Amino acid sequence: MGETNSGSKSSRWCLQGMTALVTGGSKGIGYAIVEELAQLGATVHTCARNEDELNQSLNEWTTKGYRVTGSVCDVTSRVNREELMVRVSSQFKGKLNILVNNVGTNIIKQTLDFTAEDFAFLMNTNLESCFHLSQLAHPLLKASEAASIIFMSSIAGVVATNIVSVVYSATKGAMNQMTKSLACEWAKDNIRSNCVAPWVIRTPLAEKHLKEERVVNAVISQTPLGRIGEAEEVSSLVAFLCSPAASYITGQTICVDGGFSVNGLHILQP
């Protein structure tokens, strides 16, 4: 990428003067990412489908003194995505340093129960929306001369697990590969592309599953660090990857999983 690790150490570890778009930032990991980027000095625009939740989050960030704006947007809509990028371009004067494709969802069904509509919905929400937003953002990212795209993947795109659907895993696996290819194609434009793949993280979306003791016990027993992850442990990696300190990192999928993805079979000794 164009930026290097020259300059003071403090400037390498901050996002002062940078602009960022984070999709789905009103709650969960998205909320943590918006807050982390803003804390480090970035001016952030985020979007969400639920206007009430978005306004509540914006009020919280305003109280904390962060430079965060937001708009209602359903990223499954191609028209909404185009309108979002027009708004962001206008707000940031045609330049964008950071794009975080955070929005994602899941449908918990067995493979044989999936309908064509289910398949299309997950592909659109988790993969096509990220691809299209990256396309739309390209001129803005290129204009900033030092840009970073973060794709929010999942450990399910790296290893097989039966706690999510096969289709969900497929969207995240495709996202991981898209990250690599895009990193190579857009390197000439000084745009880095990286992927963050969390394991089970304590968020409002995950809480309903974490109410089941058997699920929690299964997750903890197979995670070397022996606990559920926190949203802030994901957002800190996102912020690092967007910073000048990570200027030579691109095309990578990094797991935030407490060691789950590298954990083999361990037989307890008597």
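Considering SER193, SER134, the condition of being surrounded by 23 or more Cβ atoms within 10 Å (Cβ to Cβ), of a type in the set (Ser, Thr, Tyr) and within 23 Å of PHE240 (Cβ to Cβ) is satisfied by SER193 alone. Scanning the stretch 189-215 for residues that are outside any strand (DSSP E or B), among the β-branched types (Val, Ile, Thr) and at pLDDT 90 or above gives a single hit, VAL200. The single condition from (1) within 20 Å of LEU133 (Cβ to Cβ); (2) modelled with pLDDT under 95 that LYS109 fails is (1). Here is the figure for the stretch 135-194: residues that are in contact with a Leu (Cβ under 9 Å, 6 or more places away or on another chain) and small (Gly, Ala, Ser) total 9.
In the stretch 141-176, the qualifying residues are those that are over 20 Å from GLY251 (Cα atoms) and not in a loop (DSSP other than H, G, I, E, B), and the one that is least open to solvent (accessible area, probe 1.4 Å) is VAL167.
Condition check: surrounded by 15 or more Cβ atoms within 10 Å (Cβ to Cβ), more than 20 Å from the chain's Cα centre (by Cα) and not aliphatic (A, V, I, L, M). Does SER57 satisfy that? Taking the combined requirement at face value, the residue does not satisfy it. For the stretch 113-122, a residue qualifies if it is open to solvent by 20 Å² or more (accessible area, probe 1.4 Å) and either in a loop (DSSP other than H, G, I, E, B) or under 30 Å from VAL68 (Cβ atoms) (or both), and the qualifying residues are PHE114, THR115, PHE121. Here GLY258, GLY226 are screened, and the one residue that is at positive phi and over 19 Å from the mean Cα position of the chain (by Cα) is GLY226. The residue list ARG87, ARG78 contains one member that is at pLDDT 95 or above, under 25 Å from SER154 (Cα atoms) and of a type outside the set (Gly, Ala, Ser), which is ARG78. Filter the stretch 90-106 for residues that are at pLDDT 95 or above and open to solvent by 40 Å² or more (accessible area, probe 1.4 Å) and give the result. Result: SER90, GLN91, LYS93, LYS95.
Number of residues in the stretch 219-262 that are among the aliphatic types (A, V, I, L, M) and outside any helix (DSSP H, G or I): the value is 5.
Comparison of VAL216, VAL234, VAL238 shows that the only residue that is under 26 Å from ILE107 (Cβ atoms), touching a Pro at 6+ places or on another chain (Cβ under 8 Å) and either touching a residue at least 60 places away in the same chain (Cβ under 8 Å) or aliphatic (A, V, I, L, M) (or both) is VAL234. Inspect the stretch 12-21 for any residue being within 22 Å of LYS208 (Cα to Cα), open to solvent by 40 Å² or more (accessible area, probe 1.4 Å), over 14 Å from the mean Cα position of the chain (by Cα) and modelled with pLDDT under 95 and give the result as yes or no. Within the stretch 12-21, none of the residues are within 22 Å of LYS208 (Cα to Cα), open to solvent by 40 Å² or more (accessible area, probe 1.4 Å), over 14 Å from the mean Cα position of the chain (by Cα) and modelled with pLDDT under 95. Here is a list: THR125, THR69, THR63. Which entry is hydroxyl-bearing (Ser, Thr, Tyr), touching a residue at least 40 places away in the same chain (Cβ under 8 Å) and over 24 Å from ALA245 (Cα atoms)? Within the list THR125, THR69, THR63, the selection yields THR125.
The values are calculated or read from the model by the stated rules, or taken from the named source; none is laboratory data. Given the structure is predicted, the values throughout are model-derived calculations rather than measurements. Virtual Cβ from ideal backbone geometry, glycine too; neighbours counted across all protein chains shown. Note: accessible area is taken over every heavy atom of the protein model, side chains too, but ligands, DNA and RNA are not part of it. Shrake-Rupley method; radii C 1.70, N 1.55, O 1.52, S 1.80 Å.
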